[in-house]
Structures are given as C-alpha cells and as structure tokens.
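S.K.: My questions will all concern the structure given below.
The values are calculated or read from the model by the stated rules, or taken from the named source; none is laboratory data. Because the structure is predicted, anything quoted here is derived from the model rather than measured. Cβ: placed from backbone, ideal geometry, glycine included. Neighbour counts: every protein chain shown. The area values use the complete protein model at the heavy-atom level, side chains included, leaving out ligands, DNA and RNA. Shrake-Rupley method; radii C 1.70, N 1.55, O 1.52, S 1.80 Å.
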Amino acid sequence: DEGYEAWLRFDPLAKSELEVYTDWCSEIILSEQSVILQAARAELIRGIASMLGRKPMVKAKPSKPRYLFVGTLDCAELEGLIDKKTRESLQEEGYLIKTVENPEGSCIVLTGQTDKGVLYAAFHFLRLLQTGQSLNGLSIKETPRNRLRMINQWDNMDGSIERGYAGKSIFYKNNKIVTNVKRIQDYARMMASVGLNAIAINNVNVHDVETKLITSELLPYVARVADIFRAYGITLYLSINFASPIQIGGLQTADPLDPLVKQWWADKASEVYRHIPDFGGFLVKADSEYRPGPFTYGRDHADGANMLADALEAFGGLVIWRCFVYNCQQDWRDRSTDRARAAYDHFCPLDGRFCDNVILQIKNGPMDFQVREPVSPLFGGLRHTNQLLELQITQEYTGQQRHLCYLVPQWKEIIGFDTHASGEDSTVARIVEGSIHGRPYGGFAAVSNIGDDTNWTGHLLAQANFYGYGRLAWNPELSSEQITEDWVRLTFGNDKTVMETISRMLLDSRTIYENYTSPLGIGWMVNPGHHYGPNVDGYEYSKWGTYHFADLLGIGVDRTESTGTGYTGQYHDIPSARYESLHTCPDELLLFFHHVPYTHKLHSGKTVIQHIYDSHFEGVEQAGELMQSWASLKGKVDDTRFTHVLSRLEEQVRHAKEWRDMINTYFYRKSGIPDERNRTIY
Ligand code: BDP
C-alpha cells in the first residue's frame, strides 16, 4: 500500500458498525440525471461497496424500509419533505444530509441546491461512515464560506513542475497533454471530496509552449481535461501569457489599451468558450520576475487586468491577477525599496479601478511563503477589490516534502489575522470571502503539492496539507485539530493510538521545522535557486530583496516607520503599532520587523542569540521525537507506508542537524557570543 488512494481509501469497516450502516446503505434512490450526479452515484457505490463489502443497488423507487435518497432540492420526491426555511438557507453549493422518517420508510437524504451540492453531500456522508459516526437523526447543513476554492498547478508542458516535489506532472508529458487521464480523474475526485471547485492547470510562469494552450491546436485537448473536472464540479482555468497577442497572435504589441489587442483577446475569449462553455477564466502573472505585462507600454495592472476582464465578461469569465509583483533587481544597499512593501505599493493605489470580474490573488505574506511571515497588509488595504488568498501547499521553503511540515496551523494563523480594516474582527478569512466589503467574488487559491509519485505528494504525510487546504477553503472556522483528526482517521483508520500519535506529529511539525531553520521570522537562509537546505548568506548579497543584515552586532530588517523602510505603516493602526514597537512586536516576527543586537532580550526572557542556539538544539531533538513517535506505530500501520514515512523522518533528522550546525555556527562566529549552556557549536 503506497498511499495512492490517499484519504479515499474506504477500508472495510469493523463488524460493529456494519449492521447499522448496511441497513441504511444497501439501496440508493436516485432519479435525476447529470454528469455530476453520476459522479456522486459512482462515489457512493464505490465507497459503500468497499467499506461494507456489499454493493448498493441504485433504484428509482425504494423497496426497503431504509435507504439513501440522493437528489437536488428540485426533485419531485423531496417536495414537502424539506421545509421552506431549510431550502432557502442552502446556497448554491451548499448541502444537507438529513434523516427523514416516513410512514413508508425512513431515508437519509443527501441533497443540495445544485448537483454540486449533492456531490459534496455524498463525500461528506462517506466520511461519516469512514470515521465511524452514528447515522441516527442526521441533520447536517453545510455551505461553503468561499465562492472560489482553487488549486494552482505550477505544471509545465514538458512534464516538469515548478517547485514540485512529488514527481512529474499528471497533466503533461513531452509537451503534450497526456492521453491517459486516469490520474487526472482521480485527482478530480480528491479535490471534490474536500470541496475544491476550481483549478488552473498550467504554471503561472507561462513559457512558449504553454502560451499555445489557448490556440485552436491545443484547445480541444484542454477541453477534454475540462470535461473530467466538470464531472466533479470543478471549473478549469488557464494561466496565460500577457504577451500572447505578439507571441501567437502576430500583433506588434500587447498594449492593453490598443484596440487591436483588445479585439484579439475578445476573439480569443470567444474561441476558448466555444471549446469550453463553462471555462473559468485566466490566471495572470504579469510584470513579475521577468514575465511580460502592461508596464512595457506605460500601463498599470488595472489597465491590464480590465482589458482581459472585458474580453471574458460576456461569457461569465474571471481574471485572476496575481499581486506577487516586486523588483527582483534590487540593490541591497538601498533599503527604501524593501521588497516586503511591494505588493501593497503596487496595488493599493489601484483599489477601486478593477472590474467586478477581476480578482486579485495575494500571497499570504509580503515576501514569499516562508515558514514565518507576517500577513500581507494588502488584505487590509484593499476595500473595493475582490481578493483571493494565495497559499502554497507545495513545500518550497518548508522542507520540500522531505521534511514533515504540516501547514494547516500556519494557515489558521493567517486567515485568523485581524487586519482591523473595518474595526475589530476584520480577519483575512472575512475579507477574502467578501463579506466585509461586500465583494462578489473571493476565496482561496493554493499552489498544489501533487505530482505523479504513486502517493501523489512525495511524503505520504504531506497529503494532509492538501486535504487540510480543501477543508479550510470550504470552512475557515474548522480547527486544525478537527481537520487533522479527520485526515488521520480517513488515511490510517480509527485506532485511537494511531490517530493521536499522528495528529500530534502533524500539529507539532511546523514549530519544529521553524525551530531548526531560520530564526524569528527572518526567513530566506536557504540555498539559492532550489531553496532546499541551509545557506545562511545565500541570498544576502544578491538582487532578490531577501536580506537579513546580520553583522557582528546584530541582525534583522528595520521595517519600522520611525527608522526603517516604513513597511509597518502599511497596516491599520492596531497591527501597525504592535509591529512598530519593540515592546509589543511578537518574538516570532521580531527580526522581520526590527534590527536588534544579539543581546536583545525577547519577551521569552532569552536573548536573541541564546534563543537561536536553544531553538536549534531543541528543533533537532524534536525532529528525533517525531521519528520515535512514528517508530512507535510499527505494526499498527502497514509496512509499506510505515517504512516510507520512517525513511523520510530519518532524512529529516539528519538534515535538521545540518541546519542546526550551520545556523548556530554562523551566529556564533558573527557574534562571538558563546552558548550559555556550553553545547558544541562548530
Ligand atoms: C516563488 C517561486 C517561483 C514562482 C514565484 C511565483 O520560487 O518559482 O514562480 O514564487 O509565485 O515562490 O510566481
């Protein structure tokens, strides 16, 4: 068992549960037709047959006293069974799982306003069985908090994946879209099972080959992929090259205000929609890291995004415009160009100018997916613009799926961050869902961590990050603990020790990773280029704007308004004041906001230098404990999965030591201050 089935294993259930479940699940009543309902039906049959050992019958009319009823709220059978209030409260993709007692028999109703809702209900119902829940008197009502719950694939058509750590692309091979679509289909199932509803299938860095995805040559193939996702309620998007009118359109310019360019994109949009009538829209990385964009023509991001939005509007399409825009040719001596400021500086002045079908996709932090960063102030800054939170499931800076680093706790901190944009409780979750500023679109997007490795994610336990992302995008209020417990039960069964041990490992892992890597929010001490492993000065004197300014006296970036880059001023008063002052700045972000001497005392009572030493020794010990915890599960987890995870954890321990030694040695040599506890530092 290598983990291909991920959390959709549907292992046979224990005897005790079989009888009651079988009673309810041997008959499925389903009378409507649609591709999505077909998928729901197939999932129910597959899951139930596998868990209960008996394939359920699908019928138009019940013949047993107990059965499952599957259908949308509109279907005739549900008339009178679901009250008006409940019906009205179920929004587009919401669903209801309800036990209904009838004189002729009792049924569990799986229903929604749309067939998508029904599909989500089916997956939720299967989850109840898998985790051994009671089916008595069910009344579960769910509505997604976010309209967009999206995945970004950074896949290239040559089969490689930018920042991919789990093999090659499941979408492309040898510059073609794959013909064997089994993996894509199974991926669609995994996405739908956690409520994800949108996917961009190519890298945001669009090279020459992928630029052609919107041509008549390739669109028929893209349409086939769209068909697969559509059956699971997932809308397909493409990343586009802003210079397409030049590269594939034969025009001299890609100026967004040029009438020929506008016409070209309008024609292109109608061509795309001829092939894919429910196409989602374009994802765009422009004027960032050498990608083309409107700047070339003296235009701004709003000009660029709105031009595309106009082209897509008639078809209901969206433009998702990324805010990861900064000057990647910086002079490290010039602190006024602080990279952390860039997204806000570029996009805040444009607030209010974007069309309603444009959404700005904003990375969670102002830099780039470090293990610890403050939340991007752009979330609090924009008021009249749709916003999408961009997270990175793929572990580019967090151990590349060789280290265990479960990101759900990090994401919970991010979405729970109070921007104070409209008084208290203006959390990132509420901003991106659109409720605070009354925006029509918004939600979550995240860079995928899957590839064609048998277990999808390289590290088996990294599946939990994908799973957790989906659940959070649906409902940001879920706790890390709840999501984690569900995932462990679905993946490893309901044994209490297994559940508790793996949950603990996952929940502790981010802090552990943070402990032995770069300290106190400074980030970036990685090898340039591939970003794996420690390299303390790797980026320090280069052009990317990712500096730590360590010298013999101290370390950190002064981003205050009073003496630094002024970045703290991009936040609203309360968070701004908290970060501005050394007294209130949280320890874990201290070096992100302040340049301090190594002898500076943290709130924890330790000096910065002693904290660095201690956390690095501790991190390595904790990594060892992760390995021991896993080792204690021998015999409780099947051999293949057990051995695989163990070998990853062994590598993590070895590598954590390398991190510890390099970081500690560096700071010892810079500062000349010995470890209070006299441990060996090389
Ligand atoms: C960085 C990655 C780079 C991406 C870029 C982006 O290192 O590969 O192209 O972000 O988000 O994290 O566009």
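S.K.: Nothing charged except the Cβ atoms of Lys and Arg (+1) and of Asp and Glu (-1): what's the magnitude of the dipole of the chain about its Cα centre? Round to the nearest 20 debye.
M.R.: Details: 70 positive and 86 negative charges, 203 e Å.
Value, rounded to 20: 980 debye.
S.K.: For Lys634, give me every one of the aspartates and glutamates with a C-alpha distance below 17 angstrom, ignoring sequence neighbours fewer than eight places off in its own chain.
M.R.: Within reach: Asp1, Glu2, Asp495, Glu500, Glu625, Glu650.
S.K.: Tell me, what is the per residue accessible area of the chain in Å², probe radius 1.4 Å?
M.R.: Details: 25060 Å² over 682 residues.
Per-residue value: 37 Å².
S.K.: Ignoring ligands, DNA and RNA, please state the percent of accessible area on region 1-160 from carbon and sulfur, probe 1.4 Å.
M.R.: Numbers: 3360 of 6920 Å².
The value for region 1-160 is 49 percent carbon and sulfur by accessible area.
S.K.: If you don't mind, there's one more thing I want to ask. Going from most exposed to least, what order do His583, His531 have by accessible area with a 1.4 Å probe?
M.R.: Working: His583 155, His531 15 Å².
Greatest to least solvent exposure: His583, His531.
S.K.: Mind checking which of Pro597, Val645, Gln395 is farthest towards the positive end of the chain's charge dipole, using Cβ charges of +1 (Lys, Arg) and -1 (Asp, Glu) about the Cα centre?
M.R.: Val645
S.K.: Still on this model: Cα axis of helix 35-52 to longest principal axis of the chain: angle in degrees, 0 to 90, nearest 10?
M.R.: Here the helix axis deviates by roughly 90 degrees.
S.K.: Moving to a separate point now. Output ³J(HN,Hα) for region 623-640: one whole-Hz value per residue in order, computed from phi by the Karplus curve 6.51 cos²θ - 1.76 cosθ + 1.60 with θ = phi - 60°, and x for Gly and Pro.
M.R.: With the stated coefficients, region 623-640 comes to 4, x, 5, 4, 5, 5, 4, 5, 4, 5, 8, 4, x, 9, 10, 4, 4, 4 Hz.
S.K.: If each residue of separation counts as 0.36 nm, what is the full-extension length gain between Thr296 and Gln252 once their alpha-carbon separation is subtracted? Kindly include the intermediate steps, with their values, before the conclusion.
M.R.: Working: separation 44, 0.36 × 44 = 15.84 nm, distance 1.27 nm.
So the extension gain works out to 14.6 nm.
S.K.: To the nearest 0.05, how large is the calculated FRET efficiency for Leu81 and Glu477 if R₀ is 41 Å and r is the Cβ-Cβ distance? Display every interim value, and only then the final one.
M.R.: Numbers: r = 29 Å, r/R0 = 0.71.
Result of the calculation: an efficiency of 0.90.
S.K.: Once R0 is set to 41 Å, what does the formula 1/(1 + (r/R0)^6) return for the Cβ-Cβ distance between Asp331 and Thr179, expressed as a FRET efficiency to the nearest 0.05?
M.R.: On the way: r = 49 Å, r/R0 = 1.20.
For Asp331 and Thr179, the calculated efficiency is 0.25.
S.K.: Given 0.36 nm per residue, what is the gain on full extension from Glu104 to Ser16 after removing their alpha carbon distance, in nm? Present the calculation step by step, with values, prior to reporting the outcome.
M.R.: Values: separation 88, 0.36 × 88 = 31.68 nm, distance 2.71 nm.
Stretched out fully, the Glu104 to Ser16 stretch lengthens by 29.0 nm.
S.K.: Turning to a different aspect of this structure: Can you classify the chain as rounded, prolate or oblate using the Cα gyration tensor, where a ≥ b ≥ c are the square roots of its eigenvalues, rounded means a/c under 1.5, and otherwise it's prolate if a/b beats b/c and oblate if not?
M.R.: On the way: a/c = 1.82, a/b = 1.26, b/c = 1.45.
It is oblate, given that a/c is not under 1.5 and a/b is not larger than b/c.
S.K.: Tell me the accessible surface of Leu251 in square angstrom (1.4 angstrom probe, heavy atoms of protein chains only), to the nearest ten.
M.R.: Solvent-accessible area, nearest 10 Å²: 40 Å².
S.K.: Is it possible to state the helix-based mean residue ellipticity at 222 nm for the chain, with each DSSP H run of 4+ residues giving -39500 (n - 2.57), the sum divided by total residues, to the nearest 500 deg cm²/dmol? What is it? Don't jump to the answer; show the numbers that get you there.
M.R.: Numbers: 21 runs with 252 residues, N = 682.
Mean residue ellipticity, 222 nm, calculated: -11500 deg cm²/dmol.
S.K.: Spin-label point model (7 Å from Cα, Cβ direction): what's the Arg353 to Val35 distance in nm?
M.R.: According to this spin-label approximation, the distance is 3.9 nm.
S.K.: So, one more: Suppose the chain between Leu553 and Leu128 were pulled fully straight at 0.36 nm per residue; how much longer would it get relative to their current alpha carbon spacing?
M.R.: Once the chain is fully extended between Leu553 and Leu128, it gains 147.3 nm.
S.K.: Relative contact order of region 74-119, please, whole-number percent, based on alpha carbon pairs below 8 angstrom and at least 6 residues apart. Intermediate values should be presented prior to the final figure.
M.R.: Numbers: 49 pairs, mean separation 15.5, N = 46.
Relative contact order, region 74-119: 34 percent.
S.K.: Too long at a 20 Å Cα-Cα cut-off: which of Lys212/Lys262; Lys182/Lys285; Lys15/Lys496; Lys285/Lys412? Don't jump to the answer; show the numbers that get you there.
M.R.: Details: Lys212/Lys262 18 Å; Lys182/Lys285 30 Å; Lys15/Lys496 17 Å; Lys285/Lys412 26 Å.
In this structure, Lys182/Lys285; Lys285/Lys412 lie more than 20 Å apart at Cα.
S.K.: Right, another one. If each of Ser632 and Arg224 carries a label point 7 Å out from its Cα toward its Cβ, how far apart are those two points in nm?
M.R.: 5.0
S.K.: Rounded to whole Å, give me the distance from the Cα center of region 8-42 to that of region 481-544.
M.R.: Going from one Cα centre to the other spans 36 Å.
S.K.: Based on Cβ point charges of +1 for Lys and Arg and -1 for Asp and Glu, what charge dipole magnitude is obtained for region 541-682 about its Cα centre, in debye rounded to the nearest 20?
M.R.: On the way: 16 positive and 19 negative charges, 53 e Å.
With only Lys, Arg, Asp and Glu charged at Cβ, the dipole is about 260 debye.
S.K.: Below 8 Å, C-alpha to C-alpha, sequence gap of six or more: please give me the relative contact order for region 84-176 in percent. Write out the running numbers ahead of the final one.
M.R.: Details: 125 pairs, mean separation 21.7, N = 93.
Rounded, it is 23 percent for region 84-176.
S.K.: Would you mind checking which residues have amide H under 5 Å from Gly281's amide H? H placed 1.01 Å from N; only 5 or more apart, or other chain.
M.R.: For Gly281, the qualifying residues are Leu238, Leu318.
S.K.: Karplus couplings for region 178-191 from phi (6.51 cos²θ - 1.76 cosθ + 1.60, θ = phi - 60°), rounded to Hz, Gly and Pro as x?
M.R.: Taking θ as phi minus 60°, the curve returns 5, 9, 7, 9, 3, 5, 5, 4, 5, 5, 4, 4, 4, 4 Hz for region 178-191.
S.K.: What does the charge dipole of region 396-480 about its Cα centre add up to, to the nearest 20 debye, if the Cβ of each Lys and Arg holds +1 and the Cβ of each Asp and Glu holds -1? List each step's numbers first, then the result.
M.R.: On the way: 5 positive and 9 negative charges, 19 e Å.
Charge dipole, region 396-480, about its Cα centre: 100 debye, nearest 20.
S.K.: At a Förster radius of 41 Å, what calculated FRET efficiency corresponds to the Cβ-Cβ distance of Thr563 and Leu507, to the nearest 0.05?
M.R.: Numbers: r = 38 Å, r/R0 = 0.93.
Given R0 = 41 Å and the Cβ-Cβ separation, E is 0.60.
S.K.: Also, I was wondering about something else. If you plug each phi of region 519-532 into the Karplus form 6.51 cos²θ - 1.76 cosθ + 1.60 with θ = phi - 60°, what whole-Hz ³J(HN,Hα) values come out, in order, with x for Gly and Pro?
M.R.: Karplus values, whole Hz, x for Gly and Pro: x, 6, x, 7, x, 6, 7, 10, 5, x, x, 7, 6, 9.
S.K.: A further question on this structure: Taking H placed 1.01 Å from N in the peptide plane, check which residues at least 5 places from Ala446 or on another chain put their amide H under 5 Å from its amide H.
M.R.: Result for Ala446 returns Met150, Ile151, Asn152, Leu391.
S.K.: Show me the trypsin sites (Lys or Arg not before Pro) within region 284-388 that DSSP assigns to loop and that have at most 11 other Cβ atoms within 10 Å of their Cβ. Could you put the intermediate results ahead of the total?
M.R.: Numbers: sites: Lys285, Arg299, Arg322, Arg333, Arg335, Arg339, Arg341, Arg353, Lys363, Arg372, Arg383; in loops: Lys285, Arg299, Arg333, Arg353, Arg372, Arg383.
Within region 284-388, the qualifying trypsin sites (Lys or Arg not before Pro) (loop, at most 11 other Cβ atoms within 10 Å) are Arg333.
S.K.: While we're on this one: Accessible area of region 523-638 with a 1.4 Å probe: how many percent of it is carbon plus sulfur? Please list the in-between numbers first.
M.R.: Numbers: 2570 of 4600 Å².
Ligands and nucleic acids excluded, carbon and sulfur reach 56 percent.
S.K.: Compute the distance in nm between two label points, each set 7 Å from the Cα along the Cα-to-Cβ direction, one at Tyr273 and one at His530.
M.R.: The two pseudo-label positions are separated by 4.6 nm.
S.K.: To the nearest 10 square angstrom, what accessible area does Thr457 show with a 1.4 Å probe?
M.R.: For Thr457, the solvent-accessible surface is approximately 0 Å².
S.K.: Follow-up question, since we're still on this one. Amide H of Asn386 versus every other amide H placed in the peptide plane: which residues, excluding those fewer than 5 positions away on the same chain, fall under 5 Å?
M.R.: Leu360
S.K.: Related question: Only Cα pairs under 8 Å and at least 6 apart count here; give the relative contact order of the chain as a rounded whole percent.
M.R.: Details: 1360 pairs, mean separation 79.7, N = 682.
It comes to 12 percent, rounded to a whole number.
S.K.: Just the number, please: percent antiparallel of the DSSP beta bridges in the chain, rounded to the nearest 5. Let's see the in-between values first.
M.R.: Details: 20 of 66 bridges.
If I count the DSSP bridges inside the chain, around 30 percent turn out antiparallel.
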